[in-house]
1. Working only within segment 133-174, note down all residues that are of a type outside the set (Ser, Thr, Tyr) and without any contact (Cβ under 8 Å) to a residue 24 or more places away in the chain.
2. Being among the β-branched types (Val, Ile, Thr), closer than 21 Å to residue 42 by Cβ and not in a loop (DSSP other than H, G, I, E, B) is the filter here; which residues of segment 60-112 pass it?
3. Which one is farthest from residue 166 (Cα to Cα) among residues in segment 78-98 that are under 15 Å from the mean Cα position of the chain (by Cα) and polar (S, T, N, Q)?
4. Of the conditions (1) loosely packed, with under 11 Cβ neighbours inside 10 Å; (2) outside any loop (DSSP other than H, G, I, E, B); (3) of a type in the set (S, T, N, Q), residue 123 fails just one. Which one is it?
5. Got a sec? Which of 21, 61, 72 is at pLDDT 65 or above, over 28 Å from residue 146 (Cα atoms) and surrounded by fewer than 16 Cβ atoms within 10 Å (Cβ to Cβ)?
6. Could you check how many residues of segment 110-132 are more than 24 Å from residue 165 (Cα to Cα) and touching a residue at least 40 places away in the same chain (Cβ under 8 Å)?
7. Condition check: of a type outside the set (Phe, Trp, Tyr) and touching a helix residue (DSSP H, G or I) at 6+ places or on another chain (Cβ under 7 Å). Does residue 52 satisfy that?
8. Among the candidates 92, 123, 110, which residue alone is in contact with a Lys or Arg (Cβ under 9 Å, 6 or more places away or on another chain) and either more than 27 Å from residue 37 (Cα to Cα) or at pLDDT 85 or above (or both)?
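The values are calculated or read from the model by the stated rules, or taken from the named source; none is laboratory data. Source: prediction; values computed, not measured. Methodologically, a virtual Cβ is constructed for each residue, glycine included, from the backbone with ideal geometry; neighbour enumeration extends over all protein chains shown.
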Amino acid sequence: MKQILFSFLLVGFLFQCSSSPKRLDNADDYISDSGGLTSQELVKAAEKLAGQIGEYFKENPHEEGVFVAHFPTRNDTSEQIQTELFDNAFVSKLIKNKIYTVRTKNREQSLNEIQFSLSGLTSNRLSIGKLKSPNFFVRCDINENMFTSNGEKIVEQSINIELVEVETTIAVWSEKVSYRKLAVRGNKGVSW
């Protein structure tokens with residue numbers, strides 16, 4: 001009887017000590033060991049910047065509407081940053097603010113589909129003249145600066161964004177969000 005009880009206790013102890021994946025709460029603010037931007041920081045920055053662009057257009061309305069072409073975010077850092085995550089969150093917030101993005105890369109596909117529709121081979125005809133052109137370009141890049149302060153390596157990564165009017169090529173709005181982090185020492189962290 002003691003052997004059976006001991007066996008059950010031993011098996012129970014082994015299961016308790018085994019490692020298992022742990023769910024991390026998305027509400028917690030995590031910092032990467034390398035000093036790189038986390039997904040939460042990218043989404044937070046995207047929503048903040050898109051919100052500020054929304055405020056800009058509320059203060060400076062355009063009768064013809066606001067149509068922006070958002071170019072893919074350029075990553076000028078040593079880290080592998082998920083720029084698509086930033087871009088998707090940014091565009092999503094713009095749409096919530098009634099600012100629509102024009103997909104300039106998809107124009108040729110759209111024109112081919114319209115041409116096919118006009119050939120008479122389809123049951124529904126697409127109208128000519130409804131394609132939109134952007135009246136603003138949004139360009140974004142992420143860069144980094146590494147420096148030491150009191151002997152500690154500091155990584156500063158900045159998300160820079162500018163809104164350029166297409167007709168005049170004038171940058172009408174620009175903003176930056178920066179994150180500073182203490183890099184982890186050793187083989188895991190950012191090195192110079």
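1. First pass over segment 133-174, keeping only residues of a type outside the set (Ser, Thr, Tyr): 134-147, 150-157, 159-167, 170-173.
Within segment 133-174, 145, 147, 150, 151, 160, 170, 171 qualify.
2. Let us first name the residues in segment 60-112 that are among the β-branched types (Val, Ile, Thr), namely 66, 68, 73, 77, 81, 83, 91, 95, 99, 101-102, 104.
Now restrict to residues that are closer than 21 Å to residue 42 by Cβ: 68, 73, 77, 81, 83, 91, 95, 99, 101.
Matches in segment 60-112: 68, 83, 91, 95, 101.
3. The selected residue is 80.
4. Among (1) loosely packed, with under 11 Cβ neighbours inside 10 Å; (2) outside any loop (DSSP other than H, G, I, E, B); (3) of a type in the set (S, T, N, Q), the lone unmet condition for residue 123 is (2).
5. Numbers: 21 fails: at pLDDT 65 or above; 72 fails: over 28 Å from residue 146 (Cα atoms).
Exactly one residue qualifies, and that residue is 61.
6. The qualifying residues number 0.
7. Details: of a type outside the set (Phe, Trp, Tyr): yes; touching a helix residue (DSSP H, G or I) at 6+ places or on another chain (Cβ under 7 Å): no.
No; evaluated as a whole, the condition is false for this residue.
8. Details: 92 fails: in contact with a Lys or Arg (Cβ under 9 Å, 6 or more places away or on another chain); 123 fails: in contact with a Lys or Arg (Cβ under 9 Å, 6 or more places away or on another chain).
Sole residue among the options that is in contact with a Lys or Arg (Cβ under 9 Å, 6 or more places away or on another chain) and either more than 27 Å from residue 37 (Cα to Cα) or at pLDDT 85 or above (or both): 110.
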